[in-house]
Amino acid sequence: MAGVTGRVPLIAGNWKMNLDHLQAIAFVQKLAWTLKDAGHDYRETEVAIFPPFTDLRSVQTLISADKYEIEFGGQDLSQHDSGAYTGEVSGAFLAALESKYVLIGHSERRSYHAETDEVVAAKVQAALRHKLVPIICVGETAEDLEAFGPSAVPVKQLRDALAGVPADSEIVVAYEPVWAIGSGQAASPEQAEQVAAALRGLLGEVLSPETAAATRILYGGSVKAANIAGFLREPNVDGALVGGASLDLKEFSSIVRFRKHVGA
Ligand code: 13P
């Protein structure tokens, strides 16, 4: 159920470089069964997972054969469609595996693989060319926060990523403060809301007010079952991008079932 905003919350699990394809099959099966037993309604809260590339075919086959409603996508894609780019994975290949989403510009890609805002923008274009919904990740470091305040860096990253994006595009934005990722120190719901509101303002300015109102903005960074409800109570936070806790079946299913904690 979309609630007053019309936006269906999205709980996304970024597995990073964890779980091989056999472990992935076991995990997705258990996740689907656990959510089924709990009576989870996927129209009320969408669930997506982001396994390593080598798992995707197995995950797709399982989800399609057993008709699970869990969505999935890649953790990255090439800005190019095909050709001599050793080690890269095309959006065309992700689309051929029925991926709905693709993560773009995660802070680990930006910092360990030197992805600039220009590269991120080119990857967003590549995703849209292949009808994948880009989940555009933005976020400031602790130093950025000190120097520029809470929303300046994420807003600039999003503005750059949206260069040339058609106004009515379906995208998702993930606000992931770098200082909160894997640190156990999540942002407060108020901090997440402040930046999410600024990001939504930018979407209205650069795309359109309608797209801004329809676009889901996720929070990511040390999300757990114990803190998810606080984030989802905020009017501009429409879900979570979960790292470590997405690898723990009990934690992740409990995060997906956040409405039980909210009491809604
Ligand atoms: P953690 O949930 O482990 O902090 O990771 C967040 C993240 O990077 C998700 O993309």
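Just so you know, all these numbers are worked out from the coordinates, no wet-lab data involved. Please read these numbers as outputs of a predicted model, since none were measured by experiment. Note that each Cβ is placed from the backbone with ideal geometry, even for glycine, and that neighbours are counted across all protein chains shown.
Given charges of +1 on the Cβ of Lys and Arg and -1 on the Cβ of Asp and Glu, with all other atoms neutral, how large is the dipole of the stretch 40-96 about its Cα centre, in debye to the nearest 20?
Details: 3 positive and 10 negative charges, 40 e Å.
With Lys and Arg at +1 and Asp and Glu at -1, about 200 debye.
Which three lengths, in whole Å and largest first, does the stretch 184-264 cover when its Cα atoms are put on their principal axes?
39, 26, 20
With point charges of +1 on the Cβ of Lys and Arg and -1 on the Cβ of Asp and Glu, referenced to the Cα centre of the stretch 67-149, which listed residue (L128, G83, Y68) lies farthest in the positive direction of the dipole?
So the residue we want is Y68.
Highest mean first, what order results for 224-231, 144-151, 78-85 on Cβ atoms within 10 Å? Don't skip to the answer; put the middle values down first.
Numbers: 224-231: 19.5, 144-151: 15.2, 78-85: 13.1.
So the peptides 224-231, 144-151, 78-85, ranked by packing, come out 224-231, 144-151, 78-85.
How far apart, in nanometres, would the label points at E170 and A197 be if each is projected 7 angstrom from Cα along the Cα-to-Cβ direction?
Placing both labels 7 Å beyond Cα along the Cβ direction yields 2.9 nm.
Beyond 35 Å, how much of the Cα-Cα pair distribution for the chain remains, as a whole percent?
Values: 2985 of 34716 pairs.
So the pairs more than 35 Å apart make up 9 percent of the total in the chain.
So how far apart, in nm, are the two label points at E88 and D248 if each is 7 Å from Cα heading toward Cβ?
Simple spin-label model gives 3.8 nm for this pair.
For the stretch 22-80, what does the equivalent ellipsoid look like in terms of its semi-axes, each the square root of 5 times an eigenvalue of the Cα gyration tensor, given largest first in whole Å? List each step's numbers first, then the result.
Details: eigenvalues 94, 38, 16 Å².
The three semi-axes for the stretch 22-80 are 22, 14, 9 Å.
Compute the separation of the alpha-carbon centres of the stretch 43-79 and the stretch 88-102 and state it in Å as a whole number.
One Cα centre to the other: 10 Å.
About its Cα centre, how strong a charge dipole does the stretch 136-225 have in debye, to the nearest 20, once Lys and Arg get +1 and Asp and Glu get -1 at the Cβ?
Details: 5 positive and 12 negative charges, 33 e Å.
For the stretch 136-225, the charge dipole is close to 160 debye.
Go through K30/K260; K131/K260; K67/K156; K156/K250 and tell me which ones have a Cα-Cα distance over 31 Å in this structure. Working shown, then result.
Numbers: K30/K260 20 Å; K131/K260 33 Å; K67/K156 40 Å; K156/K250 36 Å.
From K30/K260; K131/K260; K67/K156; K156/K250, over 31 Å: K131/K260; K67/K156; K156/K250.
Using the Cα centre as the reference, give the magnitude of the dipole from point charges on the C-beta atoms of the chain (Lys, Arg: +1; Asp, Glu: -1; all else neutral), rounded to the nearest 20 debye.
It works out to roughly 640 debye.
Along the Cα-to-C-beta direction of A226, a point sits 7 Å from the Cα; which residues of the stretch 171-190 have their amide N less than 13 Å from that point?
184-186
Expressed in nm to one decimal, what extension gain is obtained for the pair L22 and A213 from 0.36 nm per residue of sequence separation less their Cα-Cα distance? Provide the component values of the computation, followed by the final result.
Numbers: separation 191, 0.36 × 191 = 68.76 nm, distance 3.95 nm.
Extra length available between L22 and A213 comes to 64.8 nm.
Once every DSSP H run of n ≥ 4 in the chain is given -39500 (n - 2.57) and the sum is divided by its residues, what mean residue ellipticity at 222 nm do you get, rounded to the nearest 500 deg cm²/dmol? Kindly include the intermediate steps, with their values, before the conclusion.
Working: 12 runs with 112 residues, N = 264.
The helix-only estimate for the chain comes to -12000 deg cm²/dmol at 222 nm.
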